[in-house]
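Down below is the structure, laid out as C-alpha cells.
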Amino acid sequence: MNFNYTPLFLAVENVHSEVVQLLLDSGACANDSADLCNLVNSPYGAYLQHIYGSSPTLEERWSALHMACYKGHVDVVQSLLHKKADIEPLSSNTKVTPLHLAAIAGHNSIIELLLNHQANVDYADSMLYTPLHLAAQRNQGPTVELLLAKKANIEAVCNHAASFTAIQLSVLEGHEDGLRLLLSKNANIGLNKSNHTPLHIACSKESIHMAEILISHKADVNERNSAGWTPLFHPAFNGYLPGVEFLLKAKADVNSTDNKGETALHYASDNGHLSPLELLVSWKGDVNAQDKNKSTPLLKAAASGHLEVAQFLLSKNSDINSLDNTGKSALHLASYRGNLPFVEFLISLKADVNAQDNEQYTPLYRAAVGGHDEVVQFLISSKANVNETKHPLPPVAEAGKESIVRILLSNKADVLAKDPQLYSSLHLATKFGHDSIVRLLVESNAQLEDKIKDCSALLIACAYGRDTITHYLLECKADVNTHQQQNWTPLHFSSDRANIEIVLDLLAHNADPQIENEDQDTPLQIAKDRGHWHVVDAIENYLNANNNQ
C-alpha cells in the first residue's frame, strides 16, 4: 500500500539498516516523517486508536525514529540518533514520543538508547500517559522495571477515565504480574487523585484474585472513594456474589454508608440482586437502614419492582410501613409502578392501604394517576378510600384515563371533588377535550353550573374550542348565557374564536347576542373587531329574524 513514504521511511519500515545508513550518509534527513493518519491504518498505529479513541488529523506525523522504536530496530535507532534525530514528539496533538512507542512494544535496548540521549523518562503525551503507564497497561514487566530503575515517577497519573496510576492500570487490565511488580516497588495502593484505590478497581472488575493480592499487601478493605463507596459497594451493586463473600470475609463493614447514606444493602435491593442481599443480611446488614432521603432497602426494592427482594427483606423484619422523606411507603411506590403482584403481597401483610404521603396522596391516588387499572381495582377491593383528602378523580379525568374514571365512579367516588386549584373533574375533562369522560361525569350527576374562577364547563368548552363537548353540554341544558368575571358569555368566546358552528349552535339554544362584557362589547362587536364576517352575518341574521317576529 502506498502511504507516500520517503525512501528513508520505507527503508526503516522494512528493516533495511544498511540502506538506512546509506541514505543518511547521502544526506537524507534523520527527521523524515510520515502522516500519522496513514500510519494509523497500519499495524504500527493501531494502539493510537486504543488510547485516543479517534483517528489522528493530517497535521499529526511520525518520524522515522518513531517507526524504528516501535518496530524495535536497534541498529536503525542508533543510526538515526547518531544523525541527531529528534527524540521529541512531532505531533502537537498526541505528543507521542519515540520513548512511548518503545515502551509499548517492550524494546528495552532502545529505551536505554533513548534515555542515554536525554529522553525524558516521564514525558507525558496529550492524555498524560508516560512511558511507564503504557508499559504497565501492556504488561511489559521488564520495561516497567527498567523505567523505574531510571527513576520514572511511579505515582504519575494519566487521564484514563479518572487519573489512573501505573498500578491502577495494571489492575484495570488484569495484569497480575504487573501488579505484583509495582507492589514490590512500593506503589501507592491508597486513594489518590483518581478518587479510587486499586482495590476499588479490582472489585469493580470482579477480579477477586487481584483483590486478594492487594489485601495481602494491606490494602484497606473499608477505604471510601470520592462517592463514599467502599470496595464492597461494587459487587453489591453489580450482583457479584463471590465478590461480596470475599470482601465480607476480609472484614468489610457491611453497614458502611456512602455520601448519600446508602449501604451495600440499598444497592443490592435497588438492582434486584437477591443472593448478594441474602449474604449481606446474614452478615448483620441492617435491613432498616435509612439513607439521607430516609429510603430503606425495602423502599428501594419497591421503587424498582423487585418482589422477591421485598419478600426476603420483610421476612427479616423490614418495616413494611417505613416512609421516605416524601412520606411514601413501599405500597405508594409499588402502586405508582402498577406492580400488582407487589401490591397484593404488601396488602397481604397488612400494609396501610390508606397511608398518606407528605402531599396527602394515598397509594390509590398514585395508582390512579399512573393509569394502572388493575391496581386501582385491587386497592379499592382492599378498602382503599376513593374519597380521601386528595381525590384521584380530578387528575385522572384531566389525563383522559377513562377506564379508571369508570372504576372510581362505580365505587362512589365524589363526582364533585376538586383538585388543589379547585377545578372539578368536569372542568378538567372539558378543558382537555375528553368527550367520553365528560359524558360519564354528567351521567354521574356532575354539576353543569359549578364554576372555577367564575367559569362553568360550557364557558371552558367554548373558550378552548371543544365543539363536541359544547354540543353535548347544550343538549344537557347547560346555561347558555352564563358568564365569567369579565362578563364574557359562551357566545363571546365562540365569536372571538370565529367558531361559526358553535356560534350557530349557541344561538339555536337561545344565546343572547346582546349581552355586553365589562368592556361593553357584545359578541357581535367582538366578531366585527376581529374581522370574523361570517360570524357577524350569523349574529345579524339571528337578530333580524327575532326582530321580525
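The values are calculated or read from the model by the stated rules, or taken from the named source; none is laboratory data. Everything numeric in this text was worked out from a predicted model, so none of it was measured. Neighbour counts are summed over all protein chains in view; Cβ atoms, including those assigned to glycine, are modelled from backbone coordinates with ideal geometry.
Can you find even one residue in segment 283-295 that is closer than 14 Å to Leu265 by Cα, among the aromatic types (Phe, Trp, Tyr) and in a loop (DSSP other than H, G, I, E, B)? The answer is yes; a qualifying residue exists.
Residues that are of a type in the set (Phe, Trp, Tyr) and touching an Asp or Glu at 6+ places or on another chain (Cβ under 8 Å): find the helices (runs of 4 or more DSSP H) completely inside segment 444-500 holding 1 or more of those.
Result: 467-475.
May I ask you to say which residue of Ile167, Ile201, Ile110, Ile189 is of a type in the set (Val, Ile, Thr) and more than 35 Å from the chain's Cα centre (by Cα)? Being of a type in the set (Val, Ile, Thr) and more than 35 Å from the chain's Cα centre (by Cα) holds for just one of Ile167, Ile201, Ile110, Ile189, which is Ile110. Please enumerate the residues belonging to segment 213-234 that are of a type outside the set (D, E, K, R) and closer than 16 Å to Leu179 by Cα. Ile213, Leu214, Ile215, Ser216, His217, Ala219, listed by residue number.
Give me the residue from segment 128-149 that is assigned to a loop (DSSP other than H, G, I, E, B) and buried (at least 16 other Cβ atoms within 10 Å of the Cβ) and, out of that set, farthest from the chain's Cα centre (by Cα).
For segment 128-149, the residue satisfying everything is Gln140.
Report yes if some residue within segment 213-221 is within 28 Å of Glu145 (Cβ to Cβ), in contact with an Asp or Glu (Cβ under 8 Å, 6 or more places away or on another chain) and modelled with pLDDT of 95 or more; otherwise report no. The answer is yes, given that some residue of segment 213-221 is within 28 Å of Glu145 (Cβ to Cβ), in contact with an Asp or Glu (Cβ under 8 Å, 6 or more places away or on another chain) and modelled with pLDDT of 95 or more. Of all residues in segment 373-404, those satisfying the criterion of being within 33 Å of the chain's Cα centre (by Cα), over 21 Å from Ala457 (Cβ atoms) and buried (at least 23 other Cβ atoms within 10 Å of the Cβ) are Val375, Val376, Leu379. Kindly check whether there is at least one residue in segment 273-293 that is farther than 16 Å from Leu346 by Cβ, under 20 Å from the mean Cα position of the chain (by Cα) and surrounded by 20 or more Cβ atoms within 10 Å (Cβ to Cβ). Scanning segment 273-293, I find no residue that is farther than 16 Å from Leu346 by Cβ, under 20 Å from the mean Cα position of the chain (by Cα) and surrounded by 20 or more Cβ atoms within 10 Å (Cβ to Cβ), so the answer is no. With respect to Asp324, is the statement that it is under 30 Å from the mean Cα position of the chain (by Cα), closer than 26 Å to Pro276 by Cα and among the acidic types (Asp, Glu) true? Yes.
Filtering segment 355-412 to residues that are β-branched (Val, Ile, Thr) and assigned to a loop (DSSP other than H, G, I, E, B) leaves Thr362, Val386, Thr389. The residue of segment 321-362 that is surrounded by the most Cβ atoms within 10 Å (Cβ to Cβ), among those that are under 18 Å from Ala399 (Cα atoms) and not polar (S, T, N, Q), is Tyr361. Taken together, the residues in segment 517-546 that are closer than 17 Å to Leu459 by Cβ and surrounded by 14 or more Cβ atoms within 10 Å (Cβ to Cβ) amount to 5. Within segment 203-257, restricting attention to residues that are out of contact with any Lys or Arg (no Cβ under 8 Å at 6 or more places or on another chain), in contact (Cβ under 8 Å) with a residue 12 or more places away in the chain and of a type in the set (Ser, Thr, Tyr), the residue that is surrounded by the fewest Cβ atoms within 10 Å (Cβ to Cβ) is Ser226.
One line per residue, one yes/no per condition, for (1) in contact with a Ser or Thr (Cβ under 7 Å, 6 or more places away or on another chain); (2) at pLDDT below 90; (3) at positive phi:
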residue	(1), (2), (3)
Met67	no, yes, no
Lys71	no, yes, no
His100	no, no, no
Ile104	no, no, no
His117	no, no, no
Asn120	no, no, no
Asp125	yes, yes, no
His133	no, no, no
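Among the residues of segment 170-186, those identified as within 29 Å of the chain's Cα centre (by Cα) and either among the hydrophobic types (A, V, I, L, M, F, W, C) or within 15 Å of Phe246 (Cα to Cα) (or both) are Val171, Leu172. Within segment 528-540, no residue that is at positive phi sits with its Cβ atom under 8 Å from a residue that is of a type outside the set (D, E, K, R) at 6+ positions apart or across chains. Would you check if Leu323 is closer than 21 Å to Lys390 by Cβ and in a helix (DSSP H, G or I)? No; evaluated as a whole, the condition is false for this residue. As a summary of the residue check, Ala156 satisfies the conditions (1) in a helix (DSSP H, G or I); (2) under 17 Å from Leu179 (Cα atoms) except for the one numbered (1).
Where helices (runs of 4 or more DSSP H) fall wholly inside segment 184-277, the ranges with 1 or more residues that are under 24 Å from Gly174 (Cα atoms) are 198-204, 208-216, 233-238, 241-249. For Glu60, the conditions (1) exposed (fewer than 15 other Cβ atoms within 10 Å of the Cβ); (2) charged (D, E, K, R); (3) at pLDDT below 65 all hold with the exception of (1).
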